[in-house]
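The values are calculated or read from the model by the stated rules, or taken from the named source; none is laboratory data. Since the structure is predicted, the reported quantities are computational estimates derived from the model, not experimental observations. Cβ: placed from backbone, ideal geometry, glycine included. Neighbour counts: every protein chain shown. Just the protein is used for accessible areas: all its heavy atoms, side chains included, with ligands, DNA and RNA removed. Shrake-Rupley method; radii C 1.70, N 1.55, O 1.52, S 1.80 Å.
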Amino acid sequence: MVSIDLTGKKALVMGVTNESSLGWAIAQKLHQAGASLAFSYQGERLKEKIEKLTAGMSGVRLYEVDVTNEEAIRAMMADLKEAWGGLDCLHSIAFAPRPAMEGRYIETTREDWTLALQVSAYSLLAVVREAEALLNEGASVVTLSYYAAEKVVPKYNVMGIAKSALEATVRYLAYDLGPKNVRINAVSAGAIRTVASMSIPGFR
């Protein structure tokens, strides 16, 4: 096993919903490697959950952030700048309304399509734009994609479109930030049993 030392590094992990989420698995590895962690969560209902998950981690910073609210993103980054001075790692978020994944893609409403693309693709752009001044040289931004960005996966519907947009966003951000030695990558983890995957009809 390769040993990774991230002592002194600062990481922001977004989108952790429970102990089964990929975001939490990523956060645990960062913590084990010695990184200092900050988390953002969506809404008051998830506050207690993230507090319980991080209870054994010292120095954790928690932020309630709706990624459709750019002022909230800006406020979080301002606080991180004051507390940490910079960021070395950033993990982003995705979401689509369940009704948009239950029928045929052709039945997707404008509202559900817009929300899925805004949270799952545009949010990466919005977060990285606000974080750019904080990203240290050699920093890494990681987001999660899926095979449905390239091929049709029944019932994945609008999230497949969102993942395609996300991957294109990764490429353009990598072009913009590469000269600053900041890496932007999308990881396709495959079919893993998480809360997000269980919302896909027929996933089992």
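Which net charge results when you count Lys and Arg as +1 and Asp and Glu as -1 among the other residues whose beta-carbon is under 13 Å from that of residue 23?
Summing Lys and Arg as +1 and Asp and Glu as -1 gives +1.
Take the range 1-119, drop everything but the C-alpha atoms, weight them equally and run the Debye formula without solvent; then report log10 I(q)/I(0) at 0.10, 0.21, 0.22 Å⁻¹ to two decimals.
The computed values of log10 I(q)/I(0) come out as -0.36, -1.19, -1.27.
Summing +1 for each Lys or Arg and -1 for each Asp or Glu, what net charge is found among the other residues whose Cβ lies under 14 Å from the Cβ of residue 100?
Residues close to residue 100 contribute a combined charge of +1.
I'm a student and want to see the number: the projected area of the Cα convex hull of the chain, averaged over all directions, in nm².
11.7 nm²
Just from the alpha-carbon atoms, what are the Rg and Dmax of the range 10-67 in angstroms?
When restricted to Cα atoms, the range 10-67 yields Rg and Dmax of 10.2, 29 Å.
Could you tell me which of the pairs 81/180; 10/180; 29/155 are separated by over 22 angstrom between their Cα atoms in the structure shown?
With Cα atoms farther than 22 Å apart: 29/155.
Could you give the angle, 0 to 90 degrees to the nearest 10, between helix 158-177's Cα long axis and the longest principal axis of the Cα atoms of the chain?
Compared with the principal axis, the helix lies near 40 degrees.
Given a 1.4 angstrom probe, I'd like the percentage of the accessible area of the range 48-204 that is carbon and sulfur, rounded to a whole number.
53 percent
Tell me which aspartates and glutamates have Cα within less than 19 Å of residue 47's Cα, excluding those fewer than 8 residues away on the same chain?
19, 64, 66, 79
Given a 1.4 Å probe, how much area per residue of the chain is accessible, in Å²?
That works out to 54 Å² for each residue.
What translational D, rounded to a whole number of µm²/s, comes out for the range 119-169 from Stokes-Einstein when the hydrodynamic radius is the Kirkwood one over Cα pairs, at 25 °C and 0.890 mPa s?
Calculated translational D: 204 µm²/s.
Taking Cα atoms, how many degrees apart are the long axis of helix 22-32 and the longest axis of the chain, rounded to 10 and kept between 0 and 90?
It is inclined by approximately 20 degrees.
May I ask you to list the GluC sites (Glu not before Pro) in the range 1-59 that are in a DSSP loop and have at most 16 other Cβ atoms within 10 Å of their Cβ?
Loop-located and lightly packed - 19.
On C-alpha positions alone, give me the angle between the axis of helix 70-84 and the longest principal axis of the chain, in degrees, nearest 10.
Between the helix axis and the principal axis of the chain, the angle is about 30 degrees.
Between beta-carbons, use under 12 Å as the cut-off and find the net charge around residue 117, counting Lys and Arg +1, Asp and Glu -1.
Combined, the nearby Lys, Arg, Asp and Glu give 0.
Please work out, to two decimal places, the log10 of the ratio I(q)/I(0) at q = 0.14, 0.18, 0.21 Å⁻¹ from a Debye calculation in which every Cα of the range 88-182 carries one identical scatterer.
For the range 88-182 at q = 0.14, 0.18, 0.21 Å⁻¹, log10 I(q)/I(0) is -0.53, -0.78, -0.96.
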